[in-house]
Amino acid sequence: MSRLKKTCSIYLFLLIPFVFAHAQSPSVQVIPQPQEIHISPQGDFHVNNNTGVVYTSSQMQKPAGVLAAYLSNRLKISIEPGRKNTGTNQFVLKEDVKLGKEEYHVSVDKNAVVCEASTSVGMFYAVQTLLQCLNVSDDGFRIASTTIKDTPRYGWRGFMLDESRHFFGKEVVKQLLDVMAYLKMNRFHWHLTDEQAWRIEIKKYPKLTEIGAEGNWHDRNAPRAFYTQDDIREIVAYAAERYIMIIPEIDMPGHATAVTRAYPEFSAGGTGRWEGFTFHPAKETTYRFIDDVLTEIVQLFPAPYIHIGGDEVHFGNKIWFTDPVIQQFIKDNDLKNELGLEHYFIRRACDIVQSKGRTMIGWDEIIASGITPDKAIVMWWRHDKPDQLTAALEKGFNVIITPRIPCYFDFVQHSSHKIGRRWAGKFNALETVCQFPDNISDLISNYPDQVLGIQANLWTERVADVKRLYFLLFPRLAGTAESAWTNRSEKDYSRFEEKIKKFLEFLDGKGINYFNIFDPESTPEPWGPDKADVIAEG
Ligand code: TNX
């Protein structure tokens, strides 16, 4: 054998275990993509009947319980997490105070899986990653030998559900929270009030649900549907178990029709389509009502934020321009005009939220209201008004970015889809969702600390049932998770698409409907109850 050939054969020989291990190694596909992931050819970790789950400090007990429960369930064995080292073949959940709040490390070799985090939530994310890495093979469950170092790009990884236009109920919300946890999303913004209905029990104002909870977008006479305070407590606790904060939205001063139907005394009046769209901005009793409602809200939701809406007031405030009481109020308070009055209303709402020890969040209309940036967080939604985002950032506001394009999931997600919104022909395909916010980095890159994160919003005017709700949400919600968690340098759309196959299997396992991006015709677009709903915008 020549020398060259000999050297080559030695190298090839040395490579064999590597190649073999790679060929044999189960895949490591995680959504959202971790910031650093290395697969090593050390041999896989096998989960078996003797596998232990060990945690080193009391705050890791909860994530240890989540891991043990999942393994026990899937393997049909009983694994009790404990603090005692069980020798080999164990998961070790270790506290490491040096890591950031949501950061975690995972290192897998054939003897052990070691997870490190400084907090219980960081460890929960390590566990979520591991559960996605678990591969079923002929000889049981395996995890490929891997090291992962991970921490989120943004602290706010949100999803908003509109349950005023249509009501979906407790079980659906819980299922959504499960999927959010799998995707390491951590903020559930709950749009509970709007024109169509009021969906949360308020003890001091029973008519809000007796009258206000009737109807939905398609059917004004649909039976009452709302969450009791017990339901709310149950769901808030369920979310907290998954490290998800719930932020309630009580929309004002517009989108208030359900309130004014129940309590006309708080209505500014109006006619036709916009009858009762706004609260009466010039009555002290209106502000007392809001204060009372928020008193009950803060008892139910421990989140440090309350969303007060603040959007689209001009749609339905025509009456403000002619009503003598309102006009007099503008003069007496030197508010100049109707917009000044709107801003006054927002400042009053902000004071009420503050008096309850919470911070206000509002849609981007609130920027001009005169509120200082220490008092409110802005949700930028009008993608056609990038100057709103710039103004908010320049004024020093913290901002959550949720522009219609690509964050509104009532927009269609495929060129063939007919029900749902488009804007000048544009819609929100999975790839556009994933690319975000890197396609607007010129707008945000100078303000890294003020952009708190990203949120997807599902408005439900044209979402009358769960099948359609899930069809619009999935798999796009996974795109939101990837865009909010993963640094630009680690994003790779073709790899993401590969991982989506596994995500769809996960949804199949839960019986959740989705749009199949790989075979659009296999999942036809579910119609709402009324085919006339097709929106032909753009
Ligand atoms: C605008 S986004 C709204 C909602 C609609 C949505 C439909 C926002 C603050 N207001 O009331 O449901 O568009 O896409």
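The values are calculated or read from the model by the stated rules, or taken from the named source; none is laboratory data. Since we're looking at a predicted model, the values are computed, not measured. Glycine also receives a Cβ, built like all others from the backbone with ideal geometry; neighbour counts cover every protein chain displayed.
Laid out as a table, the results:
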quantity: Residues satisfying the stated conditions in the stretch 165-201, i.e. within 16 Å of the ligand (Cβ to nearest atom) and of a type in the set (S, T, N, Q); calculated: T193, Q196
quantity: Residue that is surrounded by the most Cβ atoms within 10 Å (Cβ to Cβ), among those in the stretch 302-321 that are within 30 Å of A240 (Cβ to Cβ) and within 15 Å of the ligand (Cβ to nearest atom); calculated: G310
quantity: Condition broken by L14, with the remaining ones in (1) at pLDDT 50 or above; (2) surrounded by fewer than 11 Cβ atoms within 10 Å (Cβ to Cβ) satisfied; calculated: (1)
quantity: Qualifying residue in the stretch 282-291 (condition: of a type in the set (K, R) and more than 29 Å from the chain's Cα centre (by Cα)); calculated: yes
quantity: A213 among the hydrophobic types (A, V, I, L, M, F, W, C), touching a strand residue (DSSP E or B) at 6+ places or on another chain (Cβ under 8 Å), without any contact (Cβ under 8 Å) to a residue 60 or more places away in the chain and part of a loop (DSSP other than H, G, I, E, B); calculated: yes
quantity: Qualifying residue in the stretch 391-400 (condition: in a strand (DSSP E or B), crowded, with 20+ Cβ neighbours inside 10 Å, in the same structural domain as E482 (by TED's automatic domain parsing) and among the aliphatic types (A, V, I, L, M)); calculated: yes
quantity: Any pair with Cβ under 6 angstrom, 6 or more apart, that starts in the stretch 276-297 at a residue that is in the same structural domain as D311 (by TED's automatic domain parsing) and ends at one that is of a type in the set (K, R) and surrounded by fewer than 23 Cβ atoms within 10 Å (Cβ to Cβ); calculated: Y287/R348; D292/K204; L294/K356
quantity: Test set (1) basic (K, R); (2) under 18 Å from K207 (Cα atoms); (3) at pLDDT below 95 - R273 fails condition number; calculated: (2)
quantity: Filter pass, Y408 being crowded, with 19+ Cβ neighbours inside 10 Å and not assigned by TED's automatic domain parsing to the domain that holds E525; calculated: no
quantity: The stretch 394-414 residues that are over 26 Å from R468 (Cα atoms), paired with ones that are within 13 Å of the ligand (Cβ to nearest atom) and among the hydrophobic types (A, V, I, L, M, F, W, C) (beta carbon under 6 Å, 6 or more apart); calculated: F397/V378; V399/V378; V399/W380; I400/M379
quantity: Residue under evaluation W423, criteria (1) within 30 Å of K375 (Cα to Cα); (2) aromatic (F, W, Y); (3) surrounded by fewer than 17 Cβ atoms within 10 Å (Cβ to Cβ), criterion not met; calculated: (1)
quantity: Those residues of the stretch 155-164 which are within 16 Å of the ligand (Cβ to nearest atom) and surrounded by fewer than 22 Cβ atoms within 10 Å (Cβ to Cβ), in sequence order; calculated: none
quantity: Residue that is surrounded by the fewest Cβ atoms within 10 Å (Cβ to Cβ), among those in the stretch 248-265 that are away from the ligand (no atom under 14 Å from the Cβ) and either touching a residue at least 40 places away in the same chain (Cβ under 8 Å) or more than 32 Å from the chain's Cα centre (by Cα) (or both); calculated: E265
quantity: Test result for A349, of a type in the set (A, V, I, L, M), in contact with a strand residue (DSSP E or B) (Cβ under 7 Å, 6 or more places away or on another chain), within 16 Å of the ligand (Cβ to nearest atom) and outside the structural domain of S445 (by TED's automatic domain parsing); calculated: yes
quantity: The listed residue being farther than 30 Å from A64 by Cβ, surrounded by fewer than 21 Cβ atoms within 10 Å (Cβ to Cβ) and within 15 Å of the ligand (Cβ to nearest atom), out of W217, W274; calculated: W274
quantity: Some residue of the stretch 78-87 being among the charged types (D, E, K, R) and buried (at least 20 other Cβ atoms within 10 Å of the Cβ); calculated: no
